[in-house]
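First up is the structure itself, then whatever we jot down about it.
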């Protein structure tokens with residue numbers, strides 16, 4: 001694997017030098033590029049022809065071209081007609097998240113939320129006889145499913161309301177064996193070190209989580225934007241943003257956030 005990574009770096013640098021009008025991003029062997037249609041076509045064909053020299057074989061049938069303007073679909077189809085590539089102006093899944101139009105993103109998240117609600121109902125059933133196990137399963141693993149999506153997909157906070165409703169009306173009451181108040185819910189959302197249970201309020205947390213995620217990723221995002229293929233963010237820059245995010249989390253998690261309910 002290390003040798004493969006080295007060879008891919010050579011390929012990435014070659015493509016960068018040959019097509020500087022295209023912005024490329026790689027995650028392991030997943031290649032993503034953005035640019036004008038003709039530049040993308042040239043980039044794609046070069047990736048196919050040069051990639052095999054480095055052990056990188058493009059699977060055109062699994063490749064997607066997401067068009068920003070639906071009016072360009074016909075032109076894109078004509079340009080890429082010699083390749084078995086799928087073309088859409090709606091959007092597509094990308095590394096677990098999704099890119100595309102607002103409607104497509106919302107449809108994608110709604111499907112996820114529907115699945116999560118069903119799973120949470122099952123967890124509520126477990127909580128009737130094993131409340132501690134159900135709680136541990138939620139805070140140690142399950143809640144991170146939500147965190148990933150609210151960090152990577154913009155403007156979807158309101159779509160998580162069904163999840164919050166199940167947590168408030170079924171999951172927490174089942175764990176405690178009684179109904180909970182709004183103040184109880186706010187307390188349970190606090191970190192354990194602040195006297196809470198660490199059960200997040202997803203709709204309320206979404207904007208904060210996305211903003212802090214963007215802040216943490218800013219040093220790397222800046223390098224990607226300028227296509228600095230052989231650079232990593234400076235250690236002091238990473239340390240600085242981590243410190244900022246920690247401070248923001250501490251400030252947000254204090255019990256003063258409950259003052260409006262007391």
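Just so you know, all these numbers are worked out from the coordinates, no wet-lab data involved. Being a predicted model, the structure only gives us computed values, none of them experimental. Positions of Cβ are backbone-derived with ideal geometry, glycine not excepted, and every protein chain shown enters the neighbour counts.
Values for this structure:
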read-out	value
For 123, 197, order by how many other beta-carbon atoms lie within 10 Å, fewest first	197, 123
Exposure proxy ranking, count of Cβ atoms within 10 Å, fewest first, for 38, 210	38, 210
Structure-derived Rg and Dmax of the Cα atoms in Å: which label, when the choices are (1) 24.8, 81; (2) 22.7, 67; (3) 23.8, 76	(2)
Least to most buried among 117, 124, 229 (fewest other Cβ within 10 Å first)	117, 229, 124
Helix-derived mean residue ellipticity, 222 nm - over the chain, DSSP H n ≥ 4, -39500 (n - 2.57), to 500	-17500 deg cm²/dmol
